[in-house]
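J.: Okay, here's the structure, questions in a sec.
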Amino acid sequence: MQAARDFSHYVRNAGSGHSHIDLAVEGVSCAGCMSKIERGLSAIPDVTLARVNLTDRRVALEWRGSALDPARFIDRLAELGYKAYPFEAERAETVEAERSGFLLRCLGVAAFATMNVMMLSVPVWSGNVGDMISEQRDFFHWLSALIALPAAAYAGQPFFRSAYQALRSRNVNMDVPISVGVVLALGMSLVETIHHAEHTYFDAAIMLLTFLLVGRYLDQNMRRRTRAVAGNLAALKAETATRFSDTGEIAEVPVAAIRAGDVVLLRPGERCAIDGAVIEGRSEVDQSLITGETRHVTATYGTAVYAGSLNISGTLRIRVSAASEGTLLAEVTRLLDNALQARSRYVRLADRASRLYAPVVHAAALLTMVGWVLIGVTWHDAIVTAIAVLIITCPCALGLAIPTVQTVASGAMFRAGVLLNSGDAIERLAEIDWIIFDKTGTLTLPQLDVVNSASIPADVLELAGRLALASHHPVAAAVARASQATAPLPGVVEEPGQGVRAMVDGVEVRLGRPSFCGADRLADEILMRDPEASAVAFSRGEACFVFAVRQSLRPDASAMICALQARGIAVEIASGDRELAVRAAAQSLGIGEWRAGVTPADKIARIEELKLQGFTVMMVGDGLNDAPALAAANVSMSPISAAHLSQATADLVFLGSALAPVVAAVDFSRKALQLMRQNLWLAVGYNFLAVPIAMAGFVTPLIAAVAMSGSSVLVMLNALRGRRVAPRRL
Amino acid sequence: MEVLVILVPLALALGLLGLLGFLWSLRSGQYDDLEGAAWRAIADDEP
């Protein structure tokens with residue numbers, strides 16, 4: 001049964017009789033691809049727009065009328081050699097993109113105002129020592145006010161809003177001293193302008209906003225780019241389900257279009273994309289992505305199946321249930337909610353710094369004012385000096401200290417194959433000294449592999465591989481992959497529940513259960529040696545061979561575990577799988593601490609126990625059962641192949657089949673934290689120099705402008721060092 | 001110094017023009033694909 005593909009869910013009406021669809025495309029990397037795709041798609045009649053976005057690796061398509069089937073674009077791209085899939089922007093990504101645009105608009109306004117105010121300030125600075133008459137100075141001050149006040153009101157919004165929110169929840173963040181400083185500087189300058197005074201600080205205030213917006217924008221842009229890549233990866237997984245329509249016909253629809261109560265078909269070898277209960281059929285199901293258990297579960301009428309389960313042997317009909325109806329899911333959701341609440345208590349480094357910083361600075365300003373009044377100067381002069389202290393300490397460098405490092409570090413991690421889900425993950429990751437790994441799908445690869453291919457003759461392996469290509473069974477797929485065969489054998493007959501057979505040069509070849517190939521004794525021998533593996537047999541005439549198939553460890557797992565231990569991090573395995581399997585993996589990786597058969601609640605308990613002992617714990621896991629533990633740990637990481645819920649919960653997601661990104665993430669985050677601390681100290685050091693000058697009343701607008709830009713540039717340059725970490729032994 | 005009456009508004013008007021140009025380019029999506037735009041500039045014209 002070949003189901004029709006139905007992508008109507010993704011098609012938008014673009015107005016005036018045009019339809020629009022966005023496709024995520026894999027493998028677009030250069031200008032050549034770009035013009036090839038655009039030309040190839042434009043050649044389809046009725047297509048009015050085909051435009052590649054090389055940054056996000058997407059294609060936007062528009063066409064007249066509604067006659068064209070979107071599947072045709074995907075087929076055309078496949079002919080051109082690109083894998084594509086309809087893409088729907090997640091809410092989170094849309095929000096990030098909007099915010100990015102808003103910050104860029106603010107930055108544009110602030111930069112415009114800075115340049116024009118500077119143009120007016122420089123003549124005043126030089127005029128003060130020359131022959132500028134006071135009417136001219138006042139005129140320039142009024143013009144500056146006219147530009148700076150509306151610009152600051154607009155471009156300062158990101159800071160004012162965040163400061164207001166923090167204050168309303170009785171908190172202090174970095175934006176509070178920034179907002180106080182900017183508002184006071186502008187207010188004082190306005191009053192001074194009205195009173196025909198010599199000094200105003202419009203330039204300093206608006207320049208501060210510009211510098212800070214640069215930092216914010218870079219940070220936001222990096223986050224947006226990460227989200228776009230994650231969105232593409234999710235789209236390219238192309239999760240579809242085969243749904244029965246009311247008339248009993250089947251169509252392949254995207255998961256997003258499936259509703260509770262729908263009935264879907266799950267064929268052998270397919271991964272289930274929805275949660276539901278079996279209503280017809282009988283099969284074995286691999287739930288390792290859900291529970292970590294590698295042994296197959298028998299599914300019959302009424303059995304609950306979860307998204308991510310792999311159907312092994314029979315065809316099933318499943319009724320889709322609403323989310324979290326299942327008992328396992330409900331339990332996981334409950335644990336997850338509790339853990340997430342605990343997580344939100346973490347206070348970012350920047351906010352901790354500003355909690356110390358804000359009171360000290362504001363007290364210093366107050367002290368300055370009181371001091372000058374006691375000495376006997378007028379209230380007006382005392383207040384002006386106090387505000388000058390606030391302006392010069394306004395945390396320009398401090399506000400940039402952390403976002404710039406974060407931007408550079410997340411860029412470096414991105415190139416190493418690690419995507420960041422949450423902004424403060426870097427500083428939390430830098431402090432870990434204990435890692436708990438899940439086994440199945442995390443230390444091991446998610447798919448099955450043949451482990452004894454070296455002991456099978458090459459010609460036999462090739463023949464078995466060609467035979468295996470005809471079967472959908474996941475074990476057969478492992479054999480096909482191991483042999484790297486590409487040409488399937490002709491005339492293959494499938495015996496349901498047994499295996500496949502074909503005739504080659506007058507001799508019958510079979511691949512399937514050991515009993516089907518008469519290789520029971522050989523299979524038993526292999527299973528005796530490796531109890532974790534499943535056996536698949538191959539026979540050619542009388543000769544028979546047995547492949548041991550199992551999830552193998554990630555290729556660099558053992559080296560990377562050593563590397564982590566060399567960095568002073570303790571490594572432990574906590575798996576839902578049975579003891580035998582976990583012990584074998586722990587031994588081959590040289591991990592002393594391991595726990596088998598643990599439930600989601602056990603994993604959380606273990607993490608809490610370690611936290612109580614004073615350890616900072618990272619959880620690395622992929623299963624649905626790991627999701628609560630991922631949230632409970634100080635910081636968490638998932639492979640890209642993980643269950644949806646786990647991937648959304650984890651702070652970081654790593655790509656590819658190697659474990660190296662985990663070590664790279666640890667290295668980059670440690671370097672980043674070191675740089676963040678250095679930057680904070682640089683900012684504090686600058687204040688130590690600047691504050692006494694301001695308190696003494698020697699600060700002029702020129703000094704304020706130079707000091708502020710000097711410290712900001714210094715901090716930015718220091719942050720750039722986070723692009724590389726010193727090479728060290730793995 | 002009367003020339004300031006002309007020059008200062010002129011300078012501000014030019015700056016404002018630049019800002020409006022930037023906001024227009026932002027709105028028309030010119031910053032959506034910086035990488036692609038870089039390549040398009042040097043790509044051959046369609047035959």
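J.: Tell me what chain A gives for mean residue ellipticity at 222 nm when only DSSP H runs of n ≥ 4 count, each as -39,500 (n - 2.57), the sum divided by the residue total, rounded to 500 deg cm²/dmol.
T.: Calculated from helices alone, the mean residue ellipticity at 222 nm is -17000 deg cm²/dmol.
J.: Another question about this same structure. Quick one: length gained pulling A:ASP246 to A:ALA605 fully straight, 0.36 nm per residue minus the C-alpha distance?
T.: Here the segment from A:ASP246 to A:ALA605 would lengthen by 124.5 nm.
J.: Evaluate peptide B:32-41: per residue, the Cβ atoms of other protein chains within 10 Å of its Cβ; return the mean as an integer.
T.: Rounded to a whole number, the mean comes out at 6.
J.: Then there's this: Do you know which residues of the range A:26-42 lose at least 20 square angstrom of accessible area in the protein assembly compared with their chain on its own, with a 1.4 angstrom probe?
T.: A:ALA31, A:MET34, A:GLU38, A:ARG39
J.: Using R₀ = 56 Å, calculate the FRET efficiency as 1/(1 + (r/R₀)^6) where r is the Cβ-Cβ separation of A:GLU495 and A:SER169; round to 0.05.
T.: Result of the calculation: an efficiency of 0.25.
J.: Something else now. Could you tell me what percent of the accessible area of chain B is made up of carbon and sulfur, with a 1.4 Å probe and every protein chain present?
T.: That fraction is 69 percent.
J.: Let me ask you something else. Using modelled amide H (1.01 Å from N, peptide plane; none on Pro or chain starts), what sits under 5 Å from the amide H of A:TRP594, excluding residues fewer than 5 places away?
T.: A:ILE573
J.: Take the Cα radius of gyration of the range A:629-687 and divide it by 2.2 N^0.38 Å, with N its residue count; two decimals is plenty.
T.: 1.50
J.: Just need log10 I(q)/I(0) for the range A:357-405 at q = 0.14, 0.17, 0.18, 0.24 Å⁻¹, Debye formula, equal scatterers on the alpha-carbon atoms, no solvent, rounded to two decimals.
T.: Taking Cα atoms of the range A:357-405 as identical point scatterers yields -0.40, -0.53, -0.57, -0.80.
J.: Further question on the same structure: Treating only the Cβ atoms of Lys and Arg (+1) and Asp and Glu (-1) as charged, compute the dipole magnitude of the range A:570-636 about its Cα centre; round to the nearest 20 debye.
T.: My answer is approximately 40 debye.
J.: Convex hull over the alpha-carbon atoms of the range A:397-546: what's its volume per residue in Å³?
T.: Normalising the Cα hull of the range A:397-546 by residue number yields 162 Å³.
J.: What percent of all Cα-Cα pairs in the range A:583-643 falls in each 5 Å bin, counting up from 0?
T.: 4, 18, 23, 25, 22, 7, 0
J.: If you take the accessible area of B alone, add that of A alone, and subtract the area of the pair, what total do you get in Å², probe 1.4 Å, to the nearest 100?
T.: The contact between A and B buries close to 2000 Å².
J.: With +1 on each Lys and Arg Cβ and -1 on each Asp and Glu Cβ, how big is the dipole of chain A about its Cα centre, in debye rounded to the nearest 20?
T.: Using Cβ point charges on Lys, Arg, Asp and Glu, chain A gives about 960 debye.
J.: Now, a different point. Any idea what % of Cα-Cα pairs in the range A:211-339 are farther than 21 Å?
T.: Across the range A:211-339, Cα pairs with separations above 21 Å total 50 percent.
J.: For the range A:511-622, what percent of Cα pairs sit more than 21 Å apart?
T.: Of all Cα-Cα distances in the range A:511-622, 52 percent exceed 21 Å.
J.: Can you bin every Cα-Cα distance in chain B into 5 Å intervals starting at zero and give me the percent of pairs per bin, rounded to whole numbers?
T.: The percentages, shortest bin first, are 5, 17, 13, 14, 13, 11, 9, 7, 6, 4, 1, 0.
J.: Could I ask something else about it? Give the residue from A:MET188, A:GLN136, A:GLN220 lying farthest towards the positive end of the charge dipole for the range A:134-269; charges sit on Cβ (+1 for Lys and Arg, -1 for Asp and Glu) and the dipole is referred to the Cα centre.
T.: A:GLN220
J.: Let me ask another. Starting from the Cα-Cα distance between A:THR315 and A:SER35, subtract it from 0.36 nm times their residue separation and give me the gain in nm to one decimal.
T.: Net length gain for the segment: 96.5 nm.
J.: While we're on this one: What distance in nm lies between label points placed 7 Å from Cα along the C-beta direction at A:VAL706 and A:ARG267?
T.: Result: 7.6 nm between the two label points.
J.: Okay, moving on. Using a Cα-Cα cut-off of under 30 Å, which lysines could be cross-linked to A:LYS237, ignoring same-chain neighbours fewer than 8 residues away?
T.: List returned: A:LYS36, A:LYS83, A:LYS439, A:LYS603.
J.: Could you give me D for the range A:62-153, from Stokes-Einstein at 10 °C and 1.306 mPa s, where the hydrodynamic radius is the Kirkwood radius over C-alpha pairs? Units µm² s⁻¹, please.
T.: Translational diffusion coefficient: 86 µm²/s.
J.: Nearest 5 is fine: what % of DSSP beta bridges in the protein assembly as shown come out antiparallel, could you say?
T.: 80 percent
J.: Work out, step by step, the length gained on full extension between A:GLN678 and A:GLN565: first 0.36 nm times the residue separation, then minus their alpha carbon distance; give nm to one decimal.
T.: Full-extension gain reported as 38.1 nm.
J.: Amide H neighbours of A:ALA14 under 5 Å, counting only residues 5+ apart in sequence or on other chains, H built in-plane at 1.01 Å?
T.: HN-HN under 5 Å from A:ALA14: A:SER19, A:HIS20.
J.: Peptide A:154-167: average number of partner chain Cβ atoms within 10 Å per residue?
T.: 0
J.: Could you check how much of the accessible area of the range A:606-730 is carbon and sulfur, as a whole percent, using a 1.4 Å probe?
T.: About 68 percent, which is the carbon plus sulfur part of the accessible surface.
J.: Continuing with this model, one more query. Please go through the range A:209-298 and write out the trypsin sites (Lys or Arg not before Pro) that DSSP classes as loop and that have at most 11 other C-beta atoms within 10 Å.
T.: Filter output for the range A:209-298: A:ARG259.
J.: Tell me the GluC sites (Glu not before Pro) within the range A:502-611 that lie in a loop according to DSSP and have at most 14 other beta-carbon atoms within 10 Å.
T.: Passing both the DSSP loop test and the Cβ count: A:GLU542.
J.: Something else about it: Could you estimate the translational diffusion coefficient of the range A:111-233 from the Stokes-Einstein equation, with Rh from the Kirkwood formula over C-alpha pairs, at 10 °C and 1.306 mPa s, in whole µm²/s?
T.: Answer from the Stokes-Einstein relation: 99 µm²/s.
J.: Once the mean 1/r over all distinct Cα pairs of the range A:1-156 is inverted, what Kirkwood radius in angstroms do you read off?
T.: Here the Kirkwood hydrodynamic radius works out to 19.9 Å.
J.: Above 53 angstrom, tally the Cα pairs of the protein assembly as shown and express them as a % of all pairs, no decimals.
T.: 25 percent
J.: Lys/Arg Cβ at +1, Asp/Glu Cβ at -1, dipole of chain A taken about the Cα centre: which of A:VAL451, A:LEU336, A:ILE432 is farthest positive-ward?
T.: Going by the Cα projections, it comes out as A:ILE432.
J.: While we're on this one: Dimensions of the range A:646-730 along principal axes (Cα, Å, largest first)?
T.: Result, largest extent first: 61, 32, 17 Å.
J.: For the protein assembly as shown, with every protein chain kept in place, what is the accessible area per residue (1.4 Å probe, Å²)?
T.: 45 Å²
J.: Express the C-alpha Rg of the range A:335-477 as a ratio against the empirical globular expectation 2.2 N^0.38 Å, rounded to two decimals.
T.: Cα Rg divided by the expected 2.2 N^0.38 Å: 2.09.
J.: Report, to the nearest whole %, how much of the accessible area of the range A:97-200 belongs to carbon and sulfur atoms, 1.4 Å probe, protein only.
T.: Its accessible area is 65 percent carbon and sulfur atoms.
The values are calculated or read from the model by the stated rules, or taken from the named source; none is laboratory data. Everything quoted here is computed from the prediction, not taken from an experiment. Every residue, glycine among them, receives a Cβ derived from its backbone with ideal geometry; neighbour counts consider all protein chains shown. The protein model used for the area step is the full one, side chains on, heavy atoms only, and it has no ligands, DNA or RNA in it. Shrake-Rupley method; radii C 1.70, N 1.55, O 1.52, S 1.80 Å.
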